[in-house]
Amino acid sequence: MAAILDERSPSISFQGSIGRRRERARWNVLIELNGCPMPRYYFNIIAGDGFRQDLEGTELPSLEDAKAEAIEDARALMSDAILLGQDISSRRLEICNEAGDVLLTVLFKDAIKPVA
């Protein structure tokens, strides 16, 4: 059985930047104005034998947009962790649909590019 990661740890927080939250709000307004339902994606964080389940999800136009969101989230989480002296690059984000099916996995370490 996997352990639930401590939600108080800033290195695994689902709180995005204010800008990203505003952008999500804009997407939701566009959905309402156009009457087009968008799929809801869930971003679960996996770390070793622990996980943090995204219970809210985010409505986005496509899986490609969900992947871009996951990469931004991984970068933000790693940035927060680095400031605390932690390396969480071994974690991954699983992007799931509303049925809980894993659609795509984004490795934290793949969200950054090595600099020579």
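Key figures for this structure:
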| read-out | value |
| --- | --- |
| L63 paired with D87, simple spin-label distance in nm, labels 7 Å along Cα-to-beta-carbon | 3.2 |
| Approximate spin-label separation I71-K109, in nm, with each point projected 7 Å along Cα-to-Cβ | 1.9 |
| Residue-by-residue Karplus 3J(HN,Hα) for region 46-63, coefficients 6.51, -1.76, 1.60, Hz, glycine and proline x | 10, 9, x, 9, x, 8, 10, 8, 7, 8, 8, x, 9, 7, 9, x, 7, 5 |
| Extended-chain gain in nm, criterion 0.36 nm per residue less alpha-carbon gap, C36 and A99 | 20.7 nm |
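We did not get these values from a lab; they are worked out from the coordinates using the rules stated. Everything numeric here is computed off the predicted structure, so don't read it as measured data. Positions of Cβ are backbone-derived with ideal geometry, glycine not excepted, and every protein chain shown enters the neighbour counts.
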